[in-house]
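Only one structure is covered here, and it is reproduced in the block below.
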Amino acid sequence: MRSTPRPSARLRRGVPLLSLVAASALLVTGCANPGETTSAGGGASDGASAGGGQVVREPSTEATGEGCTLDSYAGGIEAVELEGATVGFSQSEPDTAAFRAAETQSIRDEAEAVGAELIVTNANAELPKQISDIQDLLNQGVDLLIVAPLNSDGLDPALSAASEAGVPVITIDRKVTSEHCSDYVTFIGSDFYSQGQRAADAMAEATEGEANVAILLGSSGNNVTDQRNQGFLDQVEAEHPGLEVVVEQTANFARDEGQTVTEQLLQSNPEIDAIYAHNDEMALGAVTAVSAAGRQPGSEVRIVSIDGTANAVQAIVDGQINAVIESNPRFGPLAFETAQRFFDGEPIAEDIIIEDDEYNPENAEANLADAF
């Protein structure tokens, strides 16, 4: 870990602190850690980012309007050479979750590949800490920020500080409600509504169109949960009337909560014979709960989820989960490629949407190596 910030790759305006004083003063426990620094150079290493790379969905990323450019972002900023630049990555949740571990490793690997110095912070699922993490990265003189937001709302003070400092922000995985090309350059992520629709289709196939479904909701306050749920419900209403949603309950994308909530739901709603989980961690918790209830996951209780973790895909092979809609966490190559295009003067669209695959009993074993 470096003791003093490396000089910036370009001249920078001072970082304003006033916009963050109120948030920081209220939250003593939310102070940022100094970040973990990786000095990079050379090729990408083997690790969690190995496997299926992200593919941008057609139409091309420039199809959503004029796009954000160096001249239009935050009133105009200077280009940066990524090789030798300092890049900050603000991770939102602990890397104990497979999705976050693969996401962080992918950013690390690509930073190494382009020769950038990477500083990583982790907010440990605390919004105030993510705000202070981003401020700390700005104070260390980063030239580019990649942010995996914890929530869609609430990061405005930190993103505004980055904008005032002339530091471009690329958001990944969860879309923020802040102003495009003022507070952030672009959002890179999946079509979460479509994921929900595809999960409904997979559930209908697994249940032959007839089931009493419980939904394990992700954490509140972000577009992932909202859109994965709405897509599922809308598709059920439009195409699968035999699927009856009996109950919905939050399990916060966590395996332990997925298990606890499922245990409670099976006791209070014994007619449940299908579970839709917004992510694999909750689905794996549900597998444990269904088994503990003396029922067979995958046959007596059908389970469909979203992510594509190795454990969940293996559970398909083992007959305990029926389908997984992929949500690819390997953002590193696309994030740095997008940053390079931005610094080269190209317009960058507000949303860069990636294609996601699907794992099912027919392809899970053959594609297990692509899981994360």
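Numbers for the structure displayed
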{"quantity": "Subset of the range 251-309 (residues that are without any contact (Cβ under 8 Å) to a residue 60 or more places away in the chain and either on the phi > 0 side of the Ramachandran plot or assigned by TED's automatic domain parsing to the domain that holds Ala98 (or both))", "calculated": "Asn252, Gly294, Gly298"}
{"quantity": "Condition broken by His278, with the remaining ones in (1) modelled with pLDDT under 95; (2) crowded, with 21+ Cβ neighbours inside 10 Å satisfied", "calculated": "(1)"}
{"quantity": "Only listed residue being at positive phi, touching a residue at least 40 places away in the same chain (Cβ under 8 Å), of a type outside the set (Asp, Glu) and not assigned by TED's automatic domain parsing to the domain that holds Ala339, chosen from Gly209, Gly221, Gly154", "calculated": "Gly221"}
{"quantity": "So Ala116, is it out of contact with any Leu (no Cβ under 6 Å at 6 or more places or on another chain) and either closer than 24 Å to Asp226 by Cα or not acidic (Asp, Glu) (or both)", "calculated": "no"}
{"quantity": "Wholly within the range 83-188, strands (runs of 3 or more DSSP E) carrying at least 3 residues that are among the basic types (Lys, Arg)", "calculated": "none"}
{"quantity": "Test set (1) modelled with pLDDT of 95 or more; (2) within 16 Å of the chain's Cα centre (by Cα) - Asn151 fails condition number", "calculated": "(1)"}
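The values are calculated or read from the model by the stated rules, or taken from the named source; none is laboratory data. This one's a predicted model, so the numbers in the text were calculated from it and none came from an experiment. A quick note on method: Cβ atoms are made from the backbone with ideal geometry, for glycine too, and the neighbour counts reach across all protein chains shown.
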